[in-house]
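Asker: Sharing a structure here in structure tokens format.
Rule-based calculations on the coordinates, nothing more; no lab input. Just so it is clear, the structure is predicted and the values come from calculations on it, not from any experiment. Every residue, glycine among them, receives a Cβ derived from its backbone with ideal geometry; neighbour counts consider all protein chains shown.
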Amino acid sequence: MIKIFKTFGGYIEIPGVEKGCWINVTQPNPQEIERIITDFQVPADIVQDVLDADERPRVEFDDFWTLVIMRIPVESSNNGVPYFTVPLGIFVAEDFTLTICNQDNEILPFKQATPFREHYQQITDVFNFILRLFLRSGGIYLKYLKQINQQTTLIEQEIEESVKSSELRKLLKMEKCLVYFITSIKSNEIVLAKLRNSKKITTEINEDLLEDAIIENKQALEMAQIYADIQSGMMDAFASLISNNLNVVMKKLALISIILMIPTLVASLFGMNVPNLMENSVWALPAILVLSSGLIIIGVLLFRRKQWF
């Protein structure tokens with residue numbers, strides 16, 4: 001899916017490329033990838049790098065173009081984990097700027113592709129636009145981290161009485177999300193530092209915007225690390241808790257087996273094919289039942305006294 005806007009505000013859509021325009025590409029199909037390479041003259045290796053789900057954030061400068069790759073958070077229920085990160089590429093050419101991502105996302109959603117939702121703005125400064133993307137990315141990281149924390153709390157409530165491992169698998173998925181987030185945010189910070197210190201950028205960078213983007217990313221990184229430490233300790237504690245719950249269940253089952261074994265033992269003794277002085281007595285069966293019941297009661301009282309029940 002490709003949309004072309006007059007400026008970075010993302011409000012005025014135009015049919016073709018013109019100087020200073022912004023091209024937003026989301027989940028491109030093979031035909032759109034071919035158009036990006038042939039019509040927009042974007043190098044094929046750059047397109048493939050950005051569409052690679054494992055591509056790391058970086059900055060590249062060339063005589064005719066600049067490439068910035070950052071990793072942004074996305075939400076998905078079909079990837080094994082509820083949240084993960086994907087690369088977002090910003091290709092800056094002389095006549096246009098192209099953003100490309102292989103997943104629909106909240107940073108630049110395809111239907112409302114603009115980082116300026118507060119009010120109508122037509123921005124023409126490309127590097128301040130990139131800083132806006134970093135700033136918005138940090139905000140989305142924080143949003144998803146809060147959702148991860150809420151889901152972890154719900155799992156914690158479920159796992160307290162559980163002897164199953166399904167809840168631990170849910171926690172493991174949350175922990176994987178945090179690992180993805182921490183790795184991506186750290187890489188984004190390196191890119192921000194390179195943009196800040198680069199001598200290739202000739203336009204004036206909004207220092208306040210840069211500081212806001214750096215602070216937002218640091219806050220997201222610190223929160224992700226705190227949640228990761230909490231979850232790591234919680235995983236160990238809950239693994240021990242599940243093991244303890246399982247031991248309690250097995251202990252109760254063993255005690256029940258011992259209690260049930262008492263009448264079986266009595267019946268076996270009196271059912272042996274040897275004389276026991278009660279073969280012809282009419283009170284034989286009631287006596288055996290009373291004896292079995294009495295032994296069961298004694299066993300239960302003994303276990304209760306030991307606080308095993």
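Asker: Please state the equivalent ellipsoid semi-axes for the range 2-244: what are the square roots of 5 times the Cα gyration tensor eigenvalues, largest first, in whole Å?
Answerer: Details: eigenvalues 274, 70, 48 Å².
One finds semi-axes of 37, 19, 16 Å for the range 2-244.
Asker: In the range 1-92, which GluC sites (Glu not before Pro) fall in coil by DSSP and have 11 or fewer other Cβ atoms within 10 Å?
Answerer: Working: sites: E13, E18, E32, E34, E55, E60, E75; in loops: E18, E55.
Counting only loop positions with at most 11 other Cβ atoms within 10 Å, the GluC sites (Glu not before Pro) in the range 1-92 are E18.
Asker: Which of E189, E222, E94 moves most in a GNM of the chain, Cα contacts under 10 Å?
Answerer: Maximum fluctuation in the GNM of the chain, among the listed residues, is at E94.
Asker: OK, next. What residues have an amide H closer than 5 Å to that of I72, excluding those fewer than 5 places away on the same chain, when H is modeled at 1.01 Å from N in the peptide plane?
Answerer: The answer is V86, L88.
Asker: Give me a comma-separated list of calculated 3J(HN,Hα) values for the range 227-240, in order, Karplus coefficients 6.51, -1.76, 1.60 applied at θ = phi - 60°, integers in Hz, x for any Gly or Pro.
Answerer: Rounded to whole hertz, the list is 4, 5, 5, 4, 5, 4, x, 5, 4, 5, 5, 6, 5, 5.
Asker: Which residues' amide hydrogens lie under 5 Å from the amide hydrogen of I14, considering only partners 5 or more residues apart or on another chain, with H built in the peptide plane?
Answerer: I4, F5, K6
Asker: So if we plug the beta-carbon distance of R169 and K19 into 1/(1 + (r/R0)^6) with R0 = 45 Å, what FRET efficiency do we get, rounded to 0.05?
Answerer: Values: r = 53 Å, r/R0 = 1.17.
With R0 = 45 Å, the Cβ-Cβ based efficiency is 0.30.
Asker: Sticking with this structure for a sec: The range 215-285: which chymotrypsin sites (Phe, Trp or Tyr not before Pro) are DSSP loop and have at most 10 other beta-carbon atoms within 10 angstrom? Display every interim value, and only then the final one.
Answerer: Values: sites: Y227, F238, F270, W283; in loops: W283.
Hits after loop and neighbour filter: W283.
Asker: Which trypsin sites (Lys or Arg not before Pro) in the range 34-113 pass both tests, a DSSP loop state and at most 13 other beta-carbon atoms within 10 Å? Mind dumping the intermediate values first?
Answerer: Working: sites: R35, R58, R71, K111; in loops: K111.
Sparse-neighbourhood loop trypsin sites (Lys or Arg not before Pro): K111.
Asker: With θ set to phi - 60° and the Karplus curve 6.51 cos²θ - 1.76 cosθ + 1.60, what are the ³J(HN,Hα) couplings of the range 137-149 in order, to the nearest whole Hz, using x for Gly and Pro?
Answerer: 4, x, x, 5, 4, 4, 4, 5, 4, 5, 5, 4, 5
Asker: Which length gain, in nm to one decimal place, applies between L269 and E55 when the Cα-Cα distance is subtracted from 0.36 nm times their residue separation? Mind dumping the intermediate values first?
Answerer: Working: separation 214, 0.36 × 214 = 77.04 nm, distance 7.51 nm.
Taking 0.36 nm per residue and subtracting the Cα distance, the gain is 69.5 nm.
Asker: Same structure again: Highest mean first, how do 244-253, 172-181 rank when packing is the count of other Cβ atoms within 10 Å averaged over residues?
Answerer: Highest to lowest by the protection proxy: 172-181, 244-253.
Asker: Now a separate question. Based on Cβ point charges of +1 for Lys and Arg and -1 for Asp and Glu, what charge dipole magnitude is obtained for the chain about its Cα centre, in debye rounded to the nearest 20?
Answerer: Working: 29 positive and 37 negative charges, 339 e Å.
The calculation lands at about 1620 debye.
Asker: Among S293, S240, S137, which one shows the biggest mean-square fluctuation in a GNM of the chain, springs joining Cα atoms closer than 10 Å?
Answerer: Fluctuation is largest for S293.
Asker: Per DSSP helix of 4 or more residues, -39500 (n - 2.57); summed, then divided by the residues of the chain. What does that give at 222 nm, rounded to the nearest 500?
Answerer: That calculation yields -19500 deg cm²/dmol at 222 nm.
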